[in-house]
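The values are calculated or read from the model by the stated rules, or taken from the named source; none is laboratory data. Small disclaimer: the values here were computed from a predicted structure and weren't measured. Remember, those area values only see protein heavy atoms, side chains included, never the ligands or the DNA or RNA. Shrake-Rupley method; radii C 1.70, N 1.55, O 1.52, S 1.80 Å.
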Amino acid sequence: MANSMTEQLQQDMACEGLLECIHGLKQLDKECFQAMVESDEPLTIDEVADRVDRERSTAYRSIQRLLQSGFIQKEQINYDQGGYYHVYFPTDPSQIANDMQRMLNDWYAKMGQLIQEFEDKYEHVDDGVTAVES
């Protein structure tokens, strides 16, 4: 991932890069998300782990990150004889896109505020200092 905004703007990025860029998700998180998107039905953690060829505990951590970011949802399935298990499925892409748009708008507003603070702070640092000649 690029370190600066300039580097991010210069690199080629697929839409899946938003998972990393906006939410800080890892490559494995993207793979787990893709496994759920490609499935016709919700998956258990064990099924996700099998599809991404990782240990259950590793897949579990990735699924927790995806849940926290809102990319997937969890449903409890109850056994008739008692007990339950969870399955996971992707959140509606429109909802994810709306959430990312809101986050981007918040970020934009925050950056605008910080830029104004920068300008206010350094605009009149020293009235005796002149611009460097080129």
> With every protein chain left in place, what is the accessible area per residue of the range 30-134 in square angstrom, probe 1.4 Å?
Replying inline: 76
>> I need the phi-derived Karplus couplings for the range 60-71: 6.51 cos²θ - 1.76 cosθ + 1.60, θ = phi - 60°, integer Hz, Gly and Pro marked x.
In response: 4, 4, 5, 5, 5, 5, 5, 5, 4, 7, x, 6
>> Run the reach check for Lys110 against lysines, Cα to Cα strictly under 22 Å, same-chain hits fewer than 8 apart removed. What comes back?
In response: Lys121
> According to the Cα gyration tensor, what semi-axes, each the square root of 5 times an eigenvalue, does the equivalent ellipsoid of the range 32-134 have, listed from largest to smallest in whole Å?
Replying inline: 49, 15, 12
> Given a 1.4 Å probe and the protein chains all in place, what does the accessible area of Phe89 round to, in Å² to the nearest 10?
Replying inline: 50
> Hey, which lysines would be in cross-link range of Lys74, C-alpha to C-alpha under 29 Å, not counting anything within fewer than 8 residues on its own chain?
Replying inline: Lys26, Lys30
> Of Arg65, Arg54, Arg102, which has the most accessible area with a 1.4 Å probe, and how do the rest follow in descending order?
Replying inline: Arg102, Arg54, Arg65
